[in-house]
1. Collect residues whose amide H, placed 1.01 Å from N in the peptide plane, falls under 5 Å from the amide H of residue 276; neighbours closer than 5 in sequence don't count.
2. Using the Cα atoms of region 194-252 to build a convex hull, what is its mean projected area in square nanometres?
3. At what distance in nm do the modelled label points of residue 243 and residue 135 sit from each other, each positioned 7 Å from its Cα along Cα→Cβ?
4. Based on the Cβ-Cβ distance from residue 87 to residue 203, what FRET efficiency comes out when R0 is 30 Å, to the nearest 0.05?
5. Figure the gain on full extension for residue 142 and residue 66 (residue separation times 0.36 nm, minus the Cα-Cα span) and round it to one decimal in nm.
6. Hand me the trypsin sites (Lys or Arg not before Pro) from region 131-235 located in a DSSP loop with no more than 13 other Cβ atoms within 10 Å, in residue order please.
7. Can you pull the percent of Cα pairs in region 68-181 with separation above 17 Å?
8. Of the heavy-atom accessible surface of region 209-290 (probe 1.4 angstrom), what whole percent is carbon and sulfur?
Amino acid sequence: MSSPTGPAPGSPRFDAVAPGLPVRTPRTRQSGRHRKPEPLAAPEGAPALVLAVPGAPTPASRSLAEEVSSIARSELPGLDARIGYVDGGDDAFPSLQAVLTQAAAEQKARAVAAGQPDPGPGAVVVPLLAGPDSALLRRIRQAIMNSGSGAELTDVLGPHPLLAEALHVRLSEVGLARADRARLFTVATAADGIILATVGGEEAVQAAGITGMLLSARLAVPVLAAGLDEEGAIARTAEQLRTSGSQQLALAPYLIGPELADGLLGAAAAEAGCASAEALGAYGAVGRLVLSNYAAKMGITLPGQGLGAAVR
């Protein structure tokens, strides 16, 4: 008897098939809610994602920015991701304005070649900032205007639950927090009070405080935000935490890294009399948030978008 998937007896193919072995047939595409999503890729001709990097350009900040851009590209194949430095101005560290001017020229050339009358925005600019810094954002907007690129500017990366996760990881890396709250072990050096340090003025401190509440819920310890660029703010916050009962404090930078002036973090930790975690750096969530901001501006729906959405 032939296999249900094989040819019928007497057909031309029947004698060529080994008796009792099924014939492999192409699988039909699964439909309905169990259907696998199509692989996501950047739309053809989409504007470039330009990462606006603050601070004095250095090889370290370039390496960090390149890693963040690489994370974004890995999440959205075909993405044109570029780096522009707010304080740049040479081949190694091109200024944000120069990068935007070049991106706009290329976008216009593509539109002309395709016969499109409107090339659209030359780029989407994503500030590499965890929180708002009005002075820096003003300079970014000025660079966009001077470039004549018509580029669009996204929000900064936070407040966001993923940044609370990143802060938790950075604290755990230096033994200042449990790596996993689900595991029943303690860390002798774990802090019982966290100072969330930021720069950018009062608006930045308030925004950091929102992520601080999320971090406090993760660690079950009090978290207070303070400005690194406000004289005496870190010491006052440390005293406030100690007065409320915290004995072992930790400093957690609510900063990506390039916007942090050399020596500022160490001086703040000494001022508060506590240990400090590293800046957020190129943690995976940072790259994903950069892409998420770009995608939101472009109307692209990313896999899992909406889960752990931004707290605005």
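The values are calculated or read from the model by the stated rules, or taken from the named source; none is laboratory data. Everything numeric in this text was worked out from a predicted model, so none of it was measured. We place every Cβ from the backbone using ideal geometry, glycine too, and count neighbours over all the protein chains shown. In case anyone asks, the SASA skips ligands and DNA or RNA and just uses the protein heavy atoms, side chains included. Shrake-Rupley method; radii C 1.70, N 1.55, O 1.52, S 1.80 Å.
1. Close amide H contacts, sequence-distant or interchain: 251.
2. Working: hull surface 14.2 nm².
Computed as one quarter of the Cα hull surface, the answer is 3.6 nm².
3. 2.8 nm
4. Working: r = 21 Å, r/R0 = 0.72.
The calculated FRET efficiency here is 0.90.
5. Stretched out fully, the residue 142 to residue 66 stretch lengthens by 25.0 nm.
6. Values: sites: 138, 139, 141, 170, 178, 181, 183, 218; in loops: 178, 181, 183.
Sparse-neighbourhood loop trypsin sites (Lys or Arg not before Pro): 181, 183.
7. Working: 4204 of 6441 pairs.
Result: 65 percent of Cα pairs exceed 17 Å.
8. Values: 1790 of 3400 Å².
Answer for region 209-290: carbon and sulfur cover 53 percent of the accessible area.
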